[in-house]
1. Relative contact order of the chain, please, whole-number percent, based on alpha carbon pairs below 8 angstrom and at least 6 residues apart.
2. Can you compute the modelled spin-label distance between Asn192 and Glu126, with each label point 7 Å from Cα toward Cβ, in nm?
3. Name the helices (complete DSSP H segments) of the chain with a Cα length along the long axis of 27 Å or more and a Kyte-Doolittle mean of at least 1.0, or state none.
4. If you consider only alpha-carbon coordinates, what radius of gyration and Dmax does the chain have, in Å?
5. Label Glu19 and Asp171 with points 7 Å out from Cα along Cα→Cβ: what is the distance between them in nm?
6. Enumerate by residue number the GluC sites (Glu not before Pro) in segment 154-211 meeting two conditions: DSSP loop (anything except H, G, I, E, B), and at most 15 other Cβ atoms within 10 Å of the site's Cβ.
7. Grab the Cα-Cα distance for Glu202 and Ala178, subtract it from 0.36 nm times how many residues apart they are, and report the gain in nm with one decimal.
8. Go ahead and estimate [θ] at 222 nm for the chain from helices alone: -39,500 (n - 2.57) per DSSP H run with n ≥ 4, summed, over the residue count, rounded to 500.
Amino acid sequence: EDFQAVFDRIEGETGKPVEFSKVDSYAASVEAMRSERAHIANFSTGTTAFAVNLGGAVPFGVGLTPEEEFGYRLFATTRADADDIQSVEDFARDDVKVGHSEPASNSGHQAPSALFDQYFDVTAEEDYEVNFSGGHGNTTRGIAAGDYDAGPICSTCFVDTVEAQSDLSFDDFKVVWASAPFPSGPVAYRYNLKPEIQEGIERAYLESDFS
């Protein structure tokens, strides 16, 4: 229902019916395009390279906020009352349990695995054990509940999770480091669609105002 206006535009521009299928993981979206069960898909930043190289995806655009902004940051996050965690360097202590979202996530695993080492000389899986939570929301809720002491979280996912949970407050958390912005994950079509279909899909997305 949320995407019906987009589907209607795609049908109008391509003359092809649109069928929506929801997947439950980053990897599933790549596999759906690789196996040609999906011809258009949104990908996370972290899975874009896999989608292009393994799934034949051709990215052509990213979504914008009503303020015409895009992107997100990696938040190195802990609880507000964790006085002994003031920096990513503290993640390396033996008594700090760190949650990452999942292996394919950019801000939840891939980026911190590189940037924590680059900026803080803290290497995931060497200086601290990585505990996969299954998603940014799970990491956020896990930190609040004490299941994790800290973790890297996508900034927009963090905000969405806190705003959606009546028992969470931004005052429950503190961010000890934030990365420079990353581009949002793209929308893409499969490389072997006919050129007129590809062009119609691009027009449907890029020449429409869905605000």
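Any read-out appearing in this document is the output of simple, stated calculations on the displayed coordinates, not a laboratory observation. Everything quoted here is computed from the prediction, not taken from an experiment. Using ideal geometry, Cβ is built from the backbone for each residue, glycine included, and neighbour counts are taken over all protein chains shown.
1. Values: 356 pairs, mean separation 69.9, N = 211.
After rounding, I find 33 percent.
2. Roughly 4.2 nm, to one decimal.
3. Values: long enough: none.
Flagged H segments: there are none.
4. When restricted to Cα atoms, the chain yields Rg and Dmax of 19.1, 60 Å.
5. The answer from the label model is 5.1 nm.
6. Values: sites: Glu163, Glu196, Glu199, Glu202, Glu207; in loops: Glu207.
Those that pass, being in a loop and sparsely packed, are Glu207.
7. On the way: separation 24, 0.36 × 24 = 8.64 nm, distance 3.32 nm.
Computed gain between Glu202 and Ala178 is 5.3 nm.
8. Details: 7 runs with 70 residues, N = 211.
After summing the helix terms and dividing by the residues of the chain, the value is -9500 deg cm²/dmol.
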